[in-house]
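*Asks:* Okay, handing you the structure first.
The values are calculated or read from the model by the stated rules, or taken from the named source; none is laboratory data. Every value quoted in this text rests on a predicted model; they were computed, and no experiment measured them. Note: ideal-geometry Cβ built from the backbone for every residue, glycine included; neighbour counts use all protein chains shown. Ligands, DNA and RNA are stripped out before the accessible areas are found, and what is left, the full protein with its side chains, is counted by its heavy atoms. Shrake-Rupley method; radii C 1.70, N 1.55, O 1.52, S 1.80 Å.
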Amino acid sequence: MLVRGKGKKERLLPLHPIVLPIFHDYKETLLEQQKHYSEPIFYNQKNKPLNPVGIPFPTYYS
């Protein structure tokens, strides 16, 4: 998947094939203005753009 980041830089985002249909289904739920390249794709529970701080990482215990 090709994504645009800061400064409109294009980056190739490798996704597992199982994720693509899920992403396309999610994309269909977005409003038309949310599909613009300058808008975030994912939002948190407060309807704010998702950022790395809002993504939980698994904690592994030995």
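*Asks:* List, please: which pairs have Cβ atoms under 6 Å, are six or more places apart or on different chains, and start with a residue in the range 7-24 that is over 19 Å from residue 39 (Cα atoms) and in contact (Cβ under 8 Å) with a residue 40 or more places away in the chain and end with one that is outside any loop (DSSP other than H, G, I, E, B) and open to solvent by 90 Å² or more (accessible area, probe 1.4 Å)?
*Replies:* none
*Asks:* Of these, 36, 24, which one is open to solvent by less than 100 Å² (accessible area, probe 1.4 Å) and either among the aliphatic types (A, V, I, L, M) or at pLDDT below 75 (or both)?
*Replies:* Going through 36, 24 in turn, the sole match is 36.
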